[in-house]
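Undergrad: Have a look at this one.
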Amino acid sequence: MTEQPKNNDNKPKLSAKERMALPRAQMPERDATIRSRNFEEVNTGLTEEMAILEAQRCLKCKNRQCVEGCPVRVSIPEFIGALATGNIAEAVRVLRKDTALPAVCGRVCPQETQCEEKCIRAVKAKPVAIGYLERFVADWAMNHPAETHETLTVTPTGKTVAIVGCGPAGLTAAGELARLGHKVSIFEALHDTGGVLRYGIPEFRLPKEIIDKEVAHLGELGVVIECNVIIGKTMTLEELRKDYHAVFIANGAGLPMMLNIPGENLKGVYSANEFLTRVNLMGAGQVADSTTPIIQGDNVAVIGAGNTAMDCVRTARRLGAKRAMIIYRRTEAEMPARKEEIHHAKEEGIEFVLLTAPLGVVGNSENWATGLRCQKMALGEPDASGRRKPMPIEGAFEELPVDVVINALGTRANPLLTQTAPDLKLNKWGNIEINESTATSIKGVFAGGDIVRGGATVILAMGDGKKAAGAIHEYLCGL
Amino acid sequence: MFKVLSNEILAPELHKLVVVAPRVAKARKAGQFVIVRADVGDERIPLTIGDADVEAGTVSLFIQAIGASTRKLVAIQAGGFIRDVAGPLGLATHLENYGRVACIGGGVGTAVLYPLVKGLAQAGNEITTIIGGRSAPYVILQKELGALSKNLLLTTDDGSLGVKGFVTNVLKELMSNPETCPKAVFAVGPGPMMKAVAEMTRADKIPTIVSLNPIMIDGTGMCGGCRVDVGGEVKFACVDGPEFDGHLVDFDLLRDRLSTYKDQERRALDRCSADKCKIGRS
Ligand SMILES: Cc1cc2nc3c(=O)[nH]c(=O)nc-3n(C[C@H](O)[C@H](O)[C@H](O)COP(=O)(O)OP(=O)(O)OC[C@H]3O[C@@H](n4cnc5c(N)ncnc54)[C@H](O)[C@@H]3O)c2cc1C
Ligand code: SF4
Ligand code: FES
């Protein structure tokens, strides 16, 4: 990549002391009152000046603790170092080497428990805003296609790979394998790409345009994506094995767990997957006249406190809920969602009904949900995992008036593919078993992402995709 | 994109579309369905695969134009395209030789019944088919089903064709005679019809299989929107069905959940009519 002298104007000349004194950059956000009624992205991104200044805060440590904290070992000080000198194109190049979907990771990774938690600067001040910088560099690349265009120089190997599922694991593996010269086809069950990135994570957190651009980039590398193909139904794993040299299974963990409480089948009770799919994939409530309907409740209760729950409750708010609530058995400290999402949810007027467990959904004579019966809880002694276990307070019940209840308890492996592949070894939860190099019990078949781990994170799915691509490459070279 | 080869009107607002979908044609079995989306931005709706031609790589879909989405689909003429066709989904019908079976179709359910009857005939069953409709023009697939059945009996609500009254009246008669009493019953049609059939066969413990039509989105077990109660257990109709033991199905819950978007559907239909898209109504 060429040097970018024009950017050097932006590079502040700071002494070490001045750099240590810089405060952490604040992410510019849309106004909470306005944004909680529309689907525009909440974070608007750092400006170039802000990003380059924030990059000055990095100490370029020899002992790169941040990299240790990153599941895919992104060369963090190196990309930040390039950014600090104003050479953004070089920062793009460094970043792209390690991660296939930086614009996605910069937005949805739980940095506070990964790279930023380990950052040396967190000891005395606040950590370097690694996530914000990653997002800035990735967005810059999208807006400067000419400067960051990637030309493939690799010679085709003549080897073919089928990938099942077009989520982050599948997309990452596809990019890596295409760069190594293999011919890649992705088969996706739904009518569109991205997996959870598209049907799960809402527009206000991850604009769909970003997925479209990442997918288009794969197209340029020669990856073919076929939607509407359900492996296990339209074609079997066996057929893929015959038609391709290797197969990577990355079909996620898409099966919703049910609440198993009375009233679950009343009208107005949704699984998070159904609620989010209607809105994100099908546009319900987002576009006027959307053909896919949705019940837009005034009082919405979302059960759970992970990222999925936050996405549901904030979506319900945007669809017009006057009272949008998180119902959680424990306290805020135990909530598994990203800190930023909890913070944004609060700003948007989301109510947190804590130490509260649902007992049943109450309905009216026409079987519409009207209330959520709850048991109040208190934290007891720490359990084996060290978390304090919530215990019911005897006689303490509450009925919350609701018209929509969304169950965001989590998901499990979908057996659609695995039940038609009896030779594929699974664990007792139905997840595919793999060895340390991502190989399954069937020769030439590899797996990664949520189908192996159960519901996890985007970055772990991507890490698996990358690792699997390496193992598949090795396997193909040995054929 | 999936090409529509032909679009034929079988009955008022009931169309048969032959669509090019070679992989689906090859993989499908009786009882399975596809999820279809007419165009970008449209709803995903489940449609039974009525028939398939593996050589030609086509599937036949029977579509009753009742809502905005189905009207849009039947407006696609031969040579046009359906944006998405995904499948085959659901479990295949369990086909065995029961001996004597009764197959009952009501309204558009008759189209869903067709692949079942074909499969049961191939398995060697002696079939009595009962087709019910509102009035004569709504009784469909007589010729096709007649060719596969030993007896073909027709009923209409208004008596304009066959016996006046409901399919259950005819079934009752069959059951009253040991010579004609079926060993198994397959019923596909509106919920109340399937419920009435299941109630009728319950006392005599005649195995009764029904095909359910709840609201679906993905059709792959991912959303749970299609959940039904079968014998007190929650089942996802798209992956555990769509066929279930009629004696165990909670039909009231099915009817109730199907009414979830009644208001929205009415509004969509009004919009559609206001928008000059009076398709499928010609
Ligand atoms: C609402 C929500 C919010 C989340 N927020 C975050 C977050 O902020 N940060 C974070 O790190 N993680 C988040 N996660 C978790 C993260 O999205 C997942 O861990 C990640 O997407 C898993 O990637 P994957 O590639 O394994 O599977 P998926 O993204 O699930 O993709 C699998 C794909 O395979 C397809 N498929 C399934 N079965 C078949 C089949 N038989 N044949 C063909 N295709 C098939 C599916 O349709 C899907 O497109 C969130 C999850 C949800 C649901
Ligand atoms: S730990 Fe923090 S300061 Fe050190 S290199 Fe990583 S980001 Fe920079
Ligand atoms: S249609 Fe979504 S689970 Fe059946």
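Undergrad: How far apart, in nm, are two points set 7 Å out from the Cα along the Cα-to-Cβ line at residue B:66 and at residue A:142?
TA: Calculated label separation equals 4.2 nm.
Undergrad: Please arrange A:343, A:144, A:191 by accessible surface area, largest first, computed with a 1.4 Å probe and ligands excluded.
TA: Greatest to least solvent exposure: A:343, A:144, A:191.
Undergrad: Quick one: angle between helix B:109-122 and the longest Cα principal axis of chain B, in degrees between 0 and 90, rounded to 10, please.
TA: The two axes meet at around 60 degrees.
Undergrad: For the stretch B:109-249, give the percent of accessible area contributed by carbon and sulfur heavy atoms, probe 1.4 Å, rounded to a whole number.
TA: Roughly 54 percent, rounded to a whole number.
Undergrad: Residue A:441's amide H: which non-local residues (gap 5+, or another chain) put their own amide H closer than 5 Å, with H modeled 1.01 Å from N in plane and none for Pro or chain starts?
TA: Here the answer is A:425, since their amide H atoms fall under 5 Å of that of residue A:441.
Undergrad: Quick one: accessible area per residue over the protein assembly as shown, 1.4 Å probe, rounded to a whole number of Å²?
TA: Normalised by residue count, the accessible surface of the protein assembly as shown is 41 Å².
Undergrad: Run lengths n ≥ 4 of DSSP H only: what is the helix-derived mean residue ellipticity at 222 nm for chain B, with -39500 (n - 2.57) per run over all residues, to the nearest 500?
TA: Using -39500 (n - 2.57) per qualifying helix, the result is -8000 deg cm²/dmol.
Undergrad: For every other residue with a beta carbon closer than 11 angstrom to the beta carbon of residue B:156, add +1 if it is Lys or Arg and -1 if Asp or Glu, then tell me the sum. Please list the in-between numbers first.
TA: Details: positive: B:134, B:164; negative: B:157, B:158.
With Lys, Arg at +1 and Asp, Glu at -1, the net is 0.
Undergrad: Using a 1.4 angstrom probe on heavy atoms only, work out the carbon and sulfur share of the accessible area of the stretch A:258-407 in %. Please report the intermediate quantities before stating the final value.
TA: Details: 2890 of 5750 Å².
Percent of accessible area from carbon and sulfur atoms in the stretch A:258-407: 50.
Undergrad: OK, next. Which cross-chain or sequence-distant (5 or more) residues have an amide H under 5 Å from the amide H of residue A:302, H modelled 1.01 Å from N in plane?
TA: Amide H neighbours of residue A:302, under 5 Å, 5+ apart: A:325, A:326, A:327, A:406.
Undergrad: For the stretch A:258-407, give the share of DSSP beta bridges that are antiparallel, in percent and rounded to the nearest 5; count only bridges with both residues there.
TA: Looking only at bridges with both residues in the stretch A:258-407, the antiparallel portion is about 50 percent.
Undergrad: For the stretch A:190-216 and the stretch B:180-226, what is the centre-to-centre distance using only Cα atoms, to the nearest Å?
TA: First find each Cα centre; the distance between them is then 37 Å.
Undergrad: If one takes the longest principal axis of the Cα atoms in chain B, at what angle in degrees, from 0 to 90 and to the nearest 10, does the Cα axis of helix B:262-274 lie?
TA: Approximately 50 degrees, to the nearest ten.
Undergrad: Highest mean first, how do A:421-432, B:241-252 rank when packing is the count of other Cβ atoms within 10 Å averaged over residues?
TA: So the order, starting with the most tightly packed, is B:241-252, A:421-432.
Undergrad: Turning to a different aspect of this structure: In nm, to one decimal, how far is the residue B:56 label point from the residue B:81 one, both placed 7 Å along Cα→Cβ?
TA: 2.1
Undergrad: Moving on to the next point. Within 10 Å of each Cβ in peptide A:228-237, how many partner chain Cβ atoms are there on average? Round it to a whole number, please.
TA: Other-chain Cβ atoms within 10 Å of each residue's Cβ, averaged: 6.
Undergrad: Nearest 5 percent is fine: what portion of the DSSP beta bridges confined to chain B is antiparallel?
TA: 60
Undergrad: Provide the packing ranking of A:237-243, B:131-137, A:18-24, i.e. peptides ordered by the mean count of other C-beta atoms within 10 Å per residue, highest first.
TA: So the peptides A:237-243, B:131-137, A:18-24, ranked by packing, come out B:131-137, A:237-243, A:18-24.
Undergrad: What percent do you get for the relative contact order of chain A when only Cα pairs under 8 Å and 6+ apart count?
TA: 16
Undergrad: Ok, one more. Taking only the alpha-carbon atoms of chain B, what semi-axes of the equivalent ellipsoid follow from 5 times the gyration tensor eigenvalues under a square root, in whole Å, largest first?
TA: 29, 20, 20
Undergrad: Now for a separate question. Which whole number in µm²/s is D for chain A by Stokes-Einstein, with the Kirkwood Rh taken over Cα pairs at 25 °C and 0.890 mPa s?
TA: Values: Rh = 23.8 Å.
Using the Kirkwood radius from Cα pairs, D works out to 103 µm²/s.
Undergrad: Further question on the same structure: How far is helix B:191-202 tilted, in degrees, relative to the longest principal axis of the Cα atoms in chain B, given as a value from 0 to 90 rounded to the nearest 10?
TA: 20
Undergrad: Hand me the tally of lysine pairs in the stretch A:88-242: alpha carbons under 19 angstrom apart, and the pair either on different chains or 8 or more positions apart.
TA: 6
Undergrad: Other chains' Cβ within 10 Å of B:253-264 residues: what's the mean? Provide the component values of the computation, followed by the final result.
TA: Details: counts 3, 1, 1, 7, 5, 1, 3, 8, 5, 2, 2, 8.
That average works out to 4.
Undergrad: Suppose we keep just the DSSP beta bridges with both residues in chain A; what percent of those would be antiparallel, to 5?
TA: Of all bridge pairs located within chain A, approximately 40 percent are antiparallel.
Undergrad: Continuing with this model, one more query. Which residue, B:60, B:155, B:215, has the largest displacement toward the positive end of the dipole of chain B when charges sit on each Cβ (Lys, Arg +1; Asp, Glu -1)?
TA: About the Cα centre, the residue reaching furthest to the positive side is B:60.
Undergrad: Further, regarding this structure: Using per-residue counts of other Cβ atoms within 10 Å, averaged over each peptide, order A:120-133, A:176-189, A:374-387, A:318-331 from highest down.
TA: On the way: A:120-133: 19.1, A:176-189: 22.5, A:374-387: 12.6, A:318-331: 20.9.
Averaged packing, sorted descending, gives the order A:176-189, A:318-331, A:120-133, A:374-387.
Undergrad: Roughly how big is the A-B contact, given as buried accessible area in Å² (both sides, 1.4 Å probe, nearest 100)?
TA: Details: alone 21280 and 13520 Å², together 31450 Å².
Using a 1.4 Å probe, the pair buries roughly 3300 Å².
Undergrad: Based on alpha-carbon atoms only, what is the radius of gyration of the stretch B:100-211 relative to the globular estimate 2.2 N^0.38 Å?
TA: The stretch B:100-211 yields a ratio of 0.94.
The values are calculated or read from the model by the stated rules, or taken from the named source; none is laboratory data. Keep in mind it's a predicted model, so treat the numbers as computed, not measured. Note: ideal-geometry Cβ built from the backbone for every residue, glycine included; neighbour counts use all protein chains shown. Just so you know, the surface numbers come from the protein's heavy atoms only, side chains and all, with ligands and any DNA or RNA stripped out. Shrake-Rupley method; radii C 1.70, N 1.55, O 1.52, S 1.80 Å.
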